[in-house]
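Only one structure is covered here, and it is reproduced in the block below.
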Amino acid sequence: MTRLIEQAFDLAKQRFAAIGVDVEAAMQQLDTLPVSMHCWQGDDVRGFENPQGTLTGGIQATGNYPGRARSAEELRADLDMAMSLIPGAKRLNLHAIYLDSDEPVDRDAIKPEHFSRWVSWAKQHQIGLDFNPTCFSHPLSADGFTLAHADDAIRQFWIDHCKASRKISAYFGEQLGTPSVMNIWVPDGMKDLTVDRMAPRQRLLAALDEIISEKLNPQHHIDAVESKLFGIGAESYTVGSNEFYFGYATSRQTALTLDAGHFHPTETISDKISTAMLYVPRLLLHVSRPVRWDSDHVVILDDETQAIASEIVRQQLFDKVHIGLDFFDASINRIAAWVIGTRNAKKALLRALLEPTAQLRQLEVQGDFTSRLALLEEQKSLPWQAVWEAWCLRHDVPADASWLTKVRDYEQQILSQR
């Protein structure tokens with residue numbers, strides 16, 4: 001099998017060289033592009049504060065596949081398994097509710113020490129950690145408002161939670177030598193007709209300003225803010241709309257988060273990347289698959305995933321765009337979901353790196369749109385799969401679907417016992 005992959009790879013390099021693509025350079029670039037895997041796929045977004053708690057804030061995980069992680073230790077073991085089957089650079093994205101503490105801690109009191117075991121694990125794997133305050137599934141978010149809450153005390157609780165989260169994020173970056181991107185998303189909004197749409201946004205604006213008022217080392221921590229079109233229970237009014245956060249990120253020069261499921265069903269985030277980069281210093285992408293709006297299905301190698309990857313590569317945004325995943329499917333094996341989604345994100349990046357972008361750009365400048373379209377379509381049929389398989393071999397992971405056998409064995413030995 002290895003010999004066949006190597007032979008196919010040699011032929012593929014020749015085919016790509018014929019259109020001016022350096023395959024080895026593309027693979028080297030791919031080695032430098034980490035994808036931040038999301039911890040919440042492994043346990044259906046329950047976390048370890050109160051694993052029996054009810055999800056709120058428009059968050060739903062459907063299905064009851066056996067084997068959900070019930071502790072940080074189990075989740076790390078599942079991540080170990082998943083990461084062993086995914087080639088190339090990786091990161092992990094943690095939510096605040098995934099603290100690993102021996103004592104109960106409320107969210108406004110979380111500290112770096114409550115995540116020290118995650119940092120030790122990340123050091124062992126030589127990966128970076130990203131972070132998120134968790135502004136949902138809590139008694140003080142039960143009425144659908146957090147940072148925009150009209151009650152000063154409740155709003156201050158969530159401000160303090162986000163401030164504490166920033167310190168944890170900076171701790172990650174300092175300990176691991178790579179900046180932690182901390183994304184703020186809140187579920188604030190109303191189910192039905194809303195009379196005063198201004199006041200909650202004024203409160204949210206002031207709250208965010210207070211949260212980021214302390215300057216942190218950008219080598220350790222990066223602030224990001226995320227919009228949403230609407231949520232379950234907030235169908236008529238979402239405080240943190242796209243317009244709100246685009247304006248906020250632009251005026252405060254934070255990173256802007258674009259989630260593939262957080263816009264109108266006919267909108268795509270791939271087309272927003274070039275516009276946003278004119279105004280904000282960085283982007284965080286939440287790559288997901290919104291089958292029915294924000295349904296967070298496992299990422300597949302579809303047109304929009306490819307378009308997102310192509311936009312990053314075509315505009316050379318490697319140091320300005322952070323790639324994260326955001327899906328949670330409890331109807332299938334959760335480890336397989338991680339592997340499928342992350343491998344597909346990396347496949348899309350590889351295909352984008354194997355595009356003859358310089359030649360296509362020149363055709364566009366010359367106004368030769370016929371040749372541009374012809375080359376775009378013909379290069380889709382070139383043997384990128386052979387390059388993918390060779391890249392997997394270099395990283396000592398299965399090059400084909402044989403990874404599923406390893407997941408099934410783990411399921412039988414570990415997951416089925418939970």
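A short reminder: the numbers here are calculations on the coordinates, not readings from a lab. What you see is a predicted model; the values in this text were computed from it and never measured. Positions of Cβ are generated from backbone atoms using ideal geometry, with glycine treated the same way; all protein chains shown enter the neighbour counts.
With +1 assigned to the C-beta of every Lys and Arg and -1 to the C-beta of every Asp and Glu, and no other charges, what is the dipole magnitude of the chain about the Cα centre in debye, to the nearest 20?
540
Say the dipole of the chain comes from +1 at the beta carbon of Lys and Arg and -1 at that of Asp and Glu; which of PRO139, MET83, ALA249 then lies farthest toward its positive end?
MET83
Rounded to the nearest 500, what is the 222 nm mean residue ellipticity of the chain from helices alone, with -39500 (n - 2.57) per DSSP H run of 4+ residues and division by all residues?
Values: 14 runs with 175 residues, N = 418.
For the chain, the value works out to -13000 deg cm²/dmol.
So which lysines can LYS123 reach, going by Cα to Cα under 17 Å and dropping same-chain residues fewer than 8 places off?
LYS90
Under 5 Å between amide hydrogens, which residues at least 5 positions from TYR237 or on another chain qualify, with H placed 1.01 Å from N in the peptide plane?
It is MET190, by chain and number.
Given H placed 1.01 Å from N in the peptide plane, which residues other than close sequence neighbours of LYS90 have an amide H under 5 Å from its amide H?
Those qualifying (amide H under 5 Å, at least 5 residues apart or on another chain) are VAL35.
For region 244-372, with only Lys/Arg (+1) and Asp/Glu (-1) charged at the beta-carbon, what is the dipole magnitude about the Cα centre, in debye rounded to 20?
In debye, rounded to 20, region 244-372 gives about 340.
Which peptide among 391-397, 170-176 comes first, and what is the full order, when sorted by highest mean count of other Cβ atoms within 10 Å?
Highest-to-lowest ranking by the protection proxy: 170-176, 391-397.
Which whole-Hz ³J(HN,Hα) couplings does region 56-67 yield from phi under the Karplus relation 6.51 cos²θ - 1.76 cosθ + 1.60, θ = phi - 60°, glycine and proline marked x?
9, x, x, 8, 9, 10, 9, x, 9, 5, x, x
In the structure displayed, which of LYS272/LYS406; LYS163/LYS320; LYS163/LYS406; LYS272/LYS347; LYS215/LYS346; LYS163/LYS228 lie more than 32 Å apart, Cα to Cα?
Values: LYS272/LYS406 38 Å; LYS163/LYS320 24 Å; LYS163/LYS406 41 Å; LYS272/LYS347 22 Å; LYS215/LYS346 34 Å; LYS163/LYS228 22 Å.
Correct reply: LYS272/LYS406; LYS163/LYS406; LYS215/LYS346.
Just want the answer: with Cβ charges of +1 for Lys and Arg and -1 for Asp and Glu, which residue in CYS39, LEU208, TRP185 is farthest toward the dipole's positive end in the chain?
CYS39
Would you work out the relative contact order for region 34-356, in percent, from Cα pairs under 8 angstrom that are 6 or more residues apart?
Dividing the mean separation by the residue count of region 34-356 yields 20 percent.
Return one number: the angle in degrees, 0 to 90 and rounded to the nearest 10, between the long axis of the Cα atoms of helix 403-413 and the longest principal axis of the Cα atoms of the chain.
40
Of the beta bridges DSSP finds with both residues in the chain, what % are antiparallel, to the nearest 5?
Numbers: 4 of 33 bridges.
Taking every DSSP beta bridge within the chain, about 10 percent pair in antiparallel fashion.
Compute the separation of the alpha-carbon centres of region 124-169 and region 10-59 and state it in Å as a whole number.
25
Convert each backbone phi in region 100-105 into a coupling constant with the Karplus relation 6.51 cos²θ - 1.76 cosθ + 1.60 (shift: θ = phi - 60°), then list the ³J(HN,Hα) values in order as whole Hz, x for Gly and Pro.
After applying 6.51 cos²θ - 1.76 cosθ + 1.60, I find 10, 10, 7, 10, x, 9 Hz.
Mind ordering 32-43, 1-12 by average Cβ neighbours within 10 Å, highest first?
32-43, 1-12
Which percent of Cα pairs goes in each bin when the distances of the chain are cut into 20 angstrom slices starting at zero?
26, 57, 17, 0
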